[in-house]
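Notes for the one structure printed next.
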Amino acid sequence: MAGERATVTLRDFRPGDAEAVRTWFNDARVTADLVGSRASFGLEDARAWVERAIDTATDRRWAITIDDSDDAVGFVALFGLDRQLGPELAVLVGDPEAWGRGVAREAERQACIHAFDDHGAHRIHAEIPATNEAAQKVVTFLGFRREGVMRAAIRRGDERIDNQVWGLLEEDFTGRW
């Protein structure tokens, strides 16, 4: 129910999640604040995306489920676990029914714990469009600090938008509760 905090669980992606992924990436409301998106995302694109999500060599992507359902409502990812600078955190809550329920914050919190505890990361970074105030609030809550701005780095139609770089050191992480 909208407004109520959701119970968030991260699970591995499965081939059957491709239809949900296709739906998310074809919904303009969902993709409006993505750093990179494309005009169309077919079922074959979604299947390939899920296959990459299952292959956890250098990236780790989890399906986000909420409450008592096993249906994926989005994903959270740590890209580049092998990078010296630490992984990049990304999240997408693809089901608008899950918006406003703390899903992104809790999924990102759990992913940060995985990065620090399971993968030995010292820092995590995130790139957030300057127009995405909700994402900025989430990372600020978790202890991230804004480290810089890539000016006019994102193209949306005829408009250029700044992309903010946020960083989190393990000692600044406020999400261990």
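Each value in this text was obtained by applying a stated rule to the coordinates, not by laboratory testing. Computed from a predicted model, the values in this text were never measured in an experiment. So basically every Cβ, Gly included, is an ideal-geometry build from the backbone, and we count neighbours across all protein chains shown.
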Inset, instruction - Give the relative contact order (percent, whole number) for the chain; include only Cα pairs under 8 Å separated by 6+ residues. - result: 20 percent
Inset, instruction - Could you tally the net charge around Arg47, taking each other residue with its Cβ under 12 Å from the Cβ of Arg47, Lys/Arg +1 and Asp/Glu -1? - result: -2
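Would you calculate a helix-derived [θ] at 222 nm for the chain, using -39,500 (n - 2.57) for each DSSP H run of n ≥ 4 and dividing by the full residue count, to the nearest 500?
Numbers: 5 runs with 45 residues, N = 177.
Per the formula, -7000 deg cm²/dmol.
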Inset, instruction - State, as an integer percentage, the relative contact order of segment 36-105 based on alpha-carbon contacts under 8 Å between residues 6 or more apart. - result: 20 percent
Legend entry - Which of Phe25, Phe144 has the fewest Cβ neighbours within 10 Å, and the rest in rising order: Phe25, Phe144
Inset, instruction - Work out which trypsin sites (Lys or Arg not before Pro) in the chain are exposed loop sites (DSSP not H, G, I, E or B, at most 16 other Cβ within 10 Å) and give the longest gap free of them. - result: 84-175
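Report the FRET efficiency, 1/(1 + (r/R0)^6), for Gln84 and Leu34, where r is their Cβ-Cβ distance and R0 is 30 Å, rounded to 0.05.
Working: r = 26 Å, r/R0 = 0.86.
For Gln84 and Leu34, the calculated efficiency is 0.70.
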Inset, instruction - Can you find, among Ile64, Ala153, Phe141, the residue farthest towards the positive end of the dipole of the chain? Put +1 on the C-beta of Lys and Arg, -1 on that of Asp and Glu. - result: Ala153
Legend entry - Positive-pole candidate from Leu43, Asn163, Asn26, dipole of the chain, charges at beta carbon: Asn163
Inset, instruction - In Å and from the alpha-carbon atoms only, list the Rg and Dmax of segment 31-119. - result: 13.5, 38
Inset, instruction - Treat every Asp and Glu Cβ in segment 42-91 as -1 and every Lys and Arg Cβ as +1, leave all other atoms uncharged, and give the resulting dipole magnitude about the Cα centre to the nearest 20 debye. - result: 280 debye
Inset, instruction - May I ask you to compute the full-extension gain from Ala134 to Arg47, defined as 0.36 nm times their residue separation minus their alpha-carbon distance, rounded to one decimal in nm? - result: 28.4 nm
Legend entry - For Arg22, net neighbour charge (Lys/Arg +1, Asp/Glu -1) across residues whose Cβ lies under 11 Å away: -4
Legend entry - the chain: most fluctuating residue of Phe13, Phe79, Phe41 per GNM, C-alpha cutoff 10 Å: Phe41
Inset, instruction - Evaluate the Debye formula for the chain with equal point scatterers sitting on the alpha carbons, no solvent, and hand back log10 of I(q)/I(0) at q = 0.13, 0.14 Å⁻¹, in q order, two decimals. - result: -0.64, -0.75
Inset, instruction - Would you mind counting up the charge near Glu97? Only other residues with Cβ under 13 Å from its Cβ, with Lys and Arg at +1 and Asp and Glu at -1. - result: -3
Inset, instruction - Select from Phe75, Ala121, Ala111 the residue farthest towards the positive end of the dipole of the chain; place +1 on Cβ of Lys and Arg, -1 on Cβ of Asp and Glu, and compute about the Cα centre. - result: Ala121
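Counting other C-beta atoms within 10 Å, and keeping those with at most 11, which DSSP coil GluC sites (Glu not before Pro) do you find in segment 1-86? List each step's numbers first, then the result.
Working: sites: Glu4, Glu19, Glu44, Glu51; in loops: Glu4.
Of the GluC sites (Glu not before Pro), the ones in loops of segment 1-86 whose Cβ has at most 11 other Cβ atoms within 10 Å are Glu4.
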Inset, instruction - Describe numerically, in nm with one decimal, the distance between label points set 7 Å from Cα along Cα→Cβ at Thr58 and at Asp117. - result: 2.7 nm
Inset, instruction - Calculate the dipole size of segment 1-156 relative to its Cα centre from +1 charges on Lys and Arg beta carbons and -1 charges on Asp and Glu beta carbons; express the result in debye to the nearest 20. - result: 760 debye
